[in-house]
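The values are calculated or read from the model by the stated rules, or taken from the named source; none is laboratory data. Predicted model, so just to flag it, every value in this text is computed and none were measured. Methodologically, a virtual Cβ is constructed for each residue, glycine included, from the backbone with ideal geometry; neighbour enumeration extends over all protein chains shown.
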Amino acid sequence: MGYIRLEKDADGIVELIFDQPGKTVNTMGLEYDEAMRAAVAELQGMVEAGGVTGIYLRSGKPNQFFAGGDIKEMLEMDLNPPADKKKEMYDGIMATKAPLRILETLGVPVAVGMNGPALGGGFEIALACHYRVAVKGIQMGLPEAMIGLMPGAGGVVRMTYLLGMQEAIGLISQGRRLKADKALEKGLVNALADDEADMHAQAKAWIKQNANTEGGVKQPWDSEGYNMPGGGPEEEANQGLTFFGPANVMVQTKNLMPAQNAIFACVVDSARVDFDTAQKVEGRYFLSLLLDQTARNMMTAFFVQMEALNRGASRPQGPEKFSCQKLGIIGAGQMGAGIATMAAQKGIEVVLKDISMENAERGKAYAEAYFDKGISKGKVTEEKKAEYMARILPSADYADLKGCELVIEAVFEDRKIKAAVTQETEAALDASAVFASNTSALPITELAQASSRAENFIGMHFFSPAEKMPLVEIIRGEKTSDETLAKAFDLAQQLGKTPIVVNDAPGFFTTRVIGKTVSQGAEMLEEGVNPVLIESAARDNGSPVGPLAAIDEISQETAYKNGQQAKADAEAQGKVWEDNAASRILDRMVNEFGRRGKVHGGGYYEYPEGGKKHMWPGLKEAYAPNGYTDMPYEDIKDRLVFSQCLEAVRAMEEGVVTNVGDGNIGSIMGIGFPAQTGGVFQAINAYGLKAFVARAKELQARYGDVFAVPALLEQRAESGELFL
Amino acid sequence: MADAFIYDAIRTPRGKGKQGGSLYEVKPIDLVTNLLEEMKERLNLDTSKVEDLILACGEPVKEQGQNIAKAALVYSSWDDITTGAQLHRFCAGGLDAVNMAAAKVASGFEELVAAGGVESMSRLGIGASGGATGDPWVAMKSYFISQGLGADMIATMDGISREEVDAYAARSQHRAAQARDNGYFKSIVPVRDMNGVVVLEQDELIRAETTAEGLAKLKPAFQMFNDFGHGGVAKLKYPELENIECVHTAGNSSGIVDGAGLVLIGSEAAGKEQGLTPRARIVSCALVGSEPTIMLDGPVPATQKALKKAGLSVDDIDLFELNEAFASVVLRYQNRLGIPDEKINVNGGAIAMGHPIGATGAMILGTLLDELERRDLKRGLVTLCAGGGIGIATIIERV
């Protein structure tokens, strides 16, 4: 059976039904191209022969309309093809567009019914139809920008001609997905349907109504007197958009996201010329992204690896899906309260326990403040808030934890306290309950020694603030069972988080990786590098926050205390503690300069009231009294990134992280590793394995053994085996 | 290479470049023909001997569009044999027209060439002709930002304070007022209407009463550009730049005005043939491209290049005329080249009198020559920064 079926009904309406064989969703790839070309050619013949009332496009798959481009196919394309191959690719793009253009200019009414997600290529097909009906609640949009691409089957042009430049740029460059009712408001959909049957009925009714339109049914842009909504680029009203828009794109993306540049330019360029010429323009920009490394990075991480992660690639296959009904949280500080907030919102009963009722109540108030903010933004209703709040039981009594299927401990990073909490909690729980320690660095296997059920003990490292940060790093201790791991994994997903799974070692994965870039920032500061350059280098690498600003946010005082705690912990274990640039600088910042962090009035930065933050001048006096050290800017940038990539490879070598996707996604979503690189491992692939090794060796010679190349990377560089 | 001589350099007064300005009612072409007729008359010029007219214009569109030089020649009483061309080199155009005329003469290809520029900013404001850098893709690839913010970048990077730029601006006003009141601007030719009635006789933007304290009250003109994304783009290009201090205002940046300038360049023989006395000789010319995001950094390298070509040093130049696009441009220039206040822009500049984009270069060449003659000095250097990162400089020497 083919991809597309054509079925003519009694009213002369030809249904064009997408049903890609062997797939649960329809995708736009070579198979589609062939089928669509043939189907539209056949339709042309049928229309010419007469007796066609109209055409109705729909999916043959239940609740699935069309998912978009075939990413796997795109990832296999050569990044640097010869000129004639590029020409072939461009011709291929134009060939994909062609049938859609024919369809919308046949003259007969063309309607589409979207019974499920219509994203990317699928929505581009819908945009080429005259009348769009969607089942209520489905999602649609052009999300290509999220994976470094742009629509290439006419989506940019049609969206621009339909909604105008401003709206098109916003929707496409942010990759916005819209619910059907929102899409209706925007004019992207003409009608909503209650279910598939209603959808078919509405679409066909519209076709019959419009079958005899004089001059044939046309798209707005093919109709006489068409004016682009909002006007073209020369219009006075659009001068702000075209003058400041490009700068805003660059600032928002640090000029590191070629897709956003291309989308903005393509929209404006499309608006300057006629519709068919605009299609050529779009094809050229699209091709430039198909041949772009950043797009490959993002497709790899945010599509292929993310999908695998969400499907549970790192979850043991055996255990059944777990759905938590009652969750215990020990410690009602910002972290514990944040997790409680999320859980309550997801329908989980929460016991929020702290040492006093007062503390526990304070944690509950944190949730209330969060929901109130949601109300003021129109995202939460009073009823919903009441429902959520009713699920949180503040408590100072371990006995209240009875019946919790899983308990997350979020107390101070002190082994003794954690051990006591573990034992007291377990005493109140059923034997099957899971105990999860939310620690950012303490080894899980060692913490599990306090447990009487080490197989039920696991690490769940949430990131702060827990209600916002999308990642949970799950740490499997030596004795952690598959059942326990599966439960922790499922709970993370239930909370709306993306879980990655790593094995136990000091600092696990994310903490040890980000530690390296923070150390490099400190080392360079101590070496007398201009701190503004250190921060700019992080920005220009694509990091959301610089290594110095990051400490200001956490506060130097907290970082200092954490360091002291780690030191005490190491010494208690009988280990030797060595100070380092970061600890030395924190010591001076806190104890000598009283620069204790942003919340304490200032850290590395000053925060003048009503003014812009700027570097504290005392840093220069302290670390570069005789002028800044001259260091190549590329070195400053690479020290911040290479240190992390190399540490990630070491973690893989040691078996801490086994799945590349966990490393990539974890680094981006957990610790702000530059997203356009596709993550801490993909960044190495993108740089080129051999080139990366050579550059690391250069950095090692100049800046020390933190840049030494792990054997695993040497081997990969030699064999050419990418981190995939 | 033959000598290229300046036989005359005249200009219109500068009218406020907005509705209500005295020259707003005057078409750009009439600004040009006023000067063409005046030059023909005062030199008793046989215009059939003038081979070409090169006119610069910053917004060559609509009534300033196509080739305003040839249109003005046809419309004037000049001989039809004189041809004309329109030139665009942003703010450097007026001086570049002169340099090109000098190059033609020095090469021997032509003997007598007129050059200058025109700009009616009241009728065709900045941006009237659009421009390739306004294209989003081009802007992103070029790190395009507002020019004024480039001036603020210079101030930030050089540690030039708001007080310093305001003090400089106040001095420009005082110097210009004094020069005007004492009749130093010999090259000004009044603009007349079709009946010969004078429309404007003197520069009308000068504010003699300006004080640095008064200027300090003005709002930074380019803060909005900084805050709306251009500051961020600048920082992407200059990682050492933490924040940009926006110090430039309408009071310490060049004014928006209408006006035209015209210069006659010729060989020795061509002058003799018509009984003209050369006022000065073009010693050397230079053009350079400079970093385009800051954009305004060209005068220093252009000056160095022109000096090198002439085998001269900074000390050999008696007076400097640097277009006051923005105060920081002049202050950086002085700092970098070690030029004292007494030798630069001695009769004020564009902050006081205004900067009619395409015309300015030709205008300030005349201003400099007037002052060299008045002081009986020998050598002067004219220089301007221009859009996209262009620097231009010309050294002249009285004969």
Here are some residues: A:92, A:54, A:122. Which one is among the small types (Gly, Ala, Ser), under 24 Å from residue A:278 (Cα atoms) and surrounded by 19 or more Cβ atoms within 10 Å (Cβ to Cβ)?
-> A:122
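Of the residues A:640, A:586, which is buried (at least 18 other Cβ atoms within 10 Å of the Cβ), within 14 Å of chain B (Cβ to nearest Cβ) and not small (Gly, Ala, Ser)? Spell out how you get there, then give the answer.
Values: A:586 fails: within 14 Å of chain B (Cβ to nearest Cβ).
Of the residues listed, the single one that is buried (at least 18 other Cβ atoms within 10 Å of the Cβ), within 14 Å of chain B (Cβ to nearest Cβ) and not small (Gly, Ala, Ser) is A:640.
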Residue B:340 is checked against (1) within 20 Å of residue B:175 (Cα to Cα); (2) in contact (Cβ under 8 Å) with a residue 60 or more places away in the chain; (3) of a type outside the set (A, V, I, L, M, F, W, C); (4) surrounded by fewer than 24 Cβ atoms within 10 Å (Cβ to Cβ) and fails just one. What number does that condition carry?
-> (2)
Would you confirm whether any residue within the stretch B:5-13 is at pLDDT 95 or above, touching a Leu at 6+ places or on another chain (Cβ under 8 Å) and in a loop (DSSP other than H, G, I, E, B)?
-> yes
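Residue check: is residue B:267 more than 14 Å from every other protein chain (Cβ to nearest Cβ) and more than 25 Å from residue B:323 (Cβ to Cβ)?
So residue B:267 passes the test.
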The condition of being within 14 Å of chain B (Cβ to nearest Cβ) and more than 19 Å from residue A:143 (Cα to Cα) holds, among A:267, A:273, A:351, only for A:273
Might you check whether a residue that is assigned by TED's automatic domain parsing to the domain that holds residue A:482, of a type outside the set (S, T, N, Q) and part of a loop (DSSP other than H, G, I, E, B) occurs anywhere in the stretch A:418-426?
-> no
If you scan the stretch B:138-153, which residues turn out to be buried (at least 24 other Cβ atoms within 10 Å of the Cβ) and among the β-branched types (Val, Ile, Thr)?
-> B:145
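Would you check if residue B:106 is farther than 30 Å from residue A:267 by Cα, within 24 Å of the chain's Cα centre (by Cα), more than 14 Å from chain A (Cβ to nearest Cβ) and crowded, with 24+ Cβ neighbours inside 10 Å?
Values: farther than 30 Å from residue A:267 by Cα: yes; within 24 Å of the chain's Cα centre (by Cα): yes; more than 14 Å from chain A (Cβ to nearest Cβ): yes; crowded, with 24+ Cβ neighbours inside 10 Å: no.
When the stated conditions are applied, residue B:106 does not pass them.
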Within the stretch B:190-211, identify whether any single residue is farther than 21 Å from residue B:20 by Cα, buried (at least 21 other Cβ atoms within 10 Å of the Cβ) and in contact with a Ser or Thr (Cβ under 8 Å, 6 or more places away or on another chain), and answer yes or no.
-> no
Just checking, how many residues over the stretch A:1-26 are at pLDDT below 95 and either of a type outside the set (A, V, I, L, M, F, W, C) or within 16 Å of residue A:122 (Cα to Cα) (or both)?
-> 5
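Would you check which residues across the stretch A:242-258 are at the interface with another protein chain (Cβ under 9 Å from one of its Cβ atoms) and assigned to a helix (DSSP H, G or I) and list them?
As a first pass, look at the stretch A:242-258 and keep what is at the interface with another protein chain (Cβ under 9 Å from one of its Cβ atoms): A:242-252, A:254-255.
A:242, A:243, A:244, A:245, A:246, A:247, A:248, A:249, A:250, A:251, A:252, listed by residue number.
For (1) more than 19 Å from the chain's Cα centre (by Cα); (2) away from chain A (no Cβ under 14 Å); (3) surrounded by fewer than 22 Cβ atoms within 10 Å (Cβ to Cβ), each residue gets a yes or a no:
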residue	(1), (2), (3)
B:230	yes, no, no
B:233	yes, no, no
B:257	no, yes, no
B:277	yes, yes, yes
B:321	no, yes, no
Residue tally, condition in contact with a Leu (Cβ under 9 Å, 6 or more places away or on another chain), away from chain A (no Cβ under 14 Å) and more than 17 Å from residue B:224 (Cβ to Cβ), over the stretch B:124-154 = 1
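If a residue counts only when it is assigned by TED's automatic domain parsing to the domain that holds residue A:522 and either at positive phi or among the aromatic types (Phe, Trp, Tyr) (or both), which helices (runs of 4 or more DSSP H) contained entirely in the stretch A:611-671 have at least 2 such residues?
Working: elements: A:618-623, A:633-653, A:660-671.
Of the helices (runs of 4 or more DSSP H) lying wholly inside the stretch A:611-671, those with at least 2 residues that are assigned by TED's automatic domain parsing to the domain that holds residue A:522 and either at positive phi or among the aromatic types (Phe, Trp, Tyr) (or both) span A:633-653.
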Quick one: which helices (runs of 4 or more DSSP H) sit completely within the stretch A:142-222 and have at least 1 residues that are surrounded by fewer than 18 Cβ atoms within 10 Å (Cβ to Cβ)?
-> A:165-173, A:180-186, A:196-210
Considering A:210, A:248, which residue is of a type in the set (S, T, N, Q), over 22 Å from residue B:138 (Cβ atoms) and in the same structural domain as residue A:138 (by TED's automatic domain parsing)?
-> A:210
Per the filter on the stretch A:675-716, residues touching a Pro at 6+ places or on another chain (Cβ under 9 Å) and either free of Cβ contacts under 8 Å to residues at least 12 places away in the same chain or more than 19 Å from residue A:652 (Cβ to Cβ) (or both) are A:675, A:676
Every residue from the stretch A:89-111 that is small (Gly, Ala, Ser) and farther than 22 Å from residue A:218 by Cβ = A:92, A:95
Say we look at the stretch B:235-250 and pick out the residues that are among the acidic types (Asp, Glu) and within 9 Å of chain A (Cβ to nearest Cβ); which of these is nearest to residue B:167 (Cα to Cα)?
-> B:242
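I'd like to know if the stretch B:219-228 contains one or more residues that are part of a loop (DSSP other than H, G, I, E, B), without any contact (Cβ under 8 Å) to a residue 60 or more places away in the chain and over 30 Å from residue B:34 (Cβ atoms). Full working, then the answer.
First pass over the stretch B:219-228, keeping only residues part of a loop (DSSP other than H, G, I, E, B): B:219-222.
Pick out the ones that are also without any contact (Cβ under 8 Å) to a residue 60 or more places away in the chain and you get B:219.
From what's left, over 30 Å from residue B:34 (Cβ atoms): B:219.
Taking every residue of the stretch B:219-228 in turn, at least one turns out to be part of a loop (DSSP other than H, G, I, E, B), without any contact (Cβ under 8 Å) to a residue 60 or more places away in the chain and over 30 Å from residue B:34 (Cβ atoms).
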Hits in the stretch A:676-699 (condition: closer than 17 Å to residue A:309 by Cα and touching a Gly at 6+ places or on another chain (Cβ under 7 Å)) | A:679, A:680, A:681
Considering only residues that are touching a residue at least 12 places away in the same chain (Cβ under 8 Å) and charged (D, E, K, R), look in the stretch A:568-591 and name the one that is nearest to residue A:622 (Cα to Cα).
-> A:588
Taking the stretch A:203-234 and keeping residues of a type in the set (S, T, N, Q) and over 22 Å from residue A:162 (Cα atoms) leaves A:209, A:212
Conditions: (1) in contact (Cβ under 8 Å) with a residue 60 or more places away in the chain; (2) away from chain B (no Cβ under 13 Å); (3) touching a helix residue (DSSP H, G or I) at 6+ places or on another chain (Cβ under 9 Å). Residue A:210 meets all but one. Number of the miss?
-> (3)
State all residues of the stretch A:512-551 that are under 22 Å from the mean Cα position of the chain (by Cα) and either within 14 Å of chain B (Cβ to nearest Cβ) or not in a helix (DSSP H, G or I) (or both); if no residue qualifies, say none.
-> A:538, A:539, A:540, A:541, A:542, A:543, A:544, A:545, A:546
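Can you spot a residue in the stretch A:259-273 that is in a helix (DSSP H, G or I), within 16 Å of the chain's Cα centre (by Cα), of a type in the set (S, T, N, Q) and not assigned by TED's automatic domain parsing to the domain that holds residue A:542? Let's see the steps before the verdict.
Pass one, the stretch A:259-273, residues in a helix (DSSP H, G or I): A:259-272.
Then drop every residue that is not within 16 Å of the chain's Cα centre (by Cα), which leaves A:259-260.
Remaining after also requiring of a type in the set (S, T, N, Q): A:260.
Okay, now just the ones that are also not assigned by TED's automatic domain parsing to the domain that holds residue A:542, so A:260.
Within the stretch A:259-273, one or more residues are in a helix (DSSP H, G or I), within 16 Å of the chain's Cα centre (by Cα), of a type in the set (S, T, N, Q) and not assigned by TED's automatic domain parsing to the domain that holds residue A:542.
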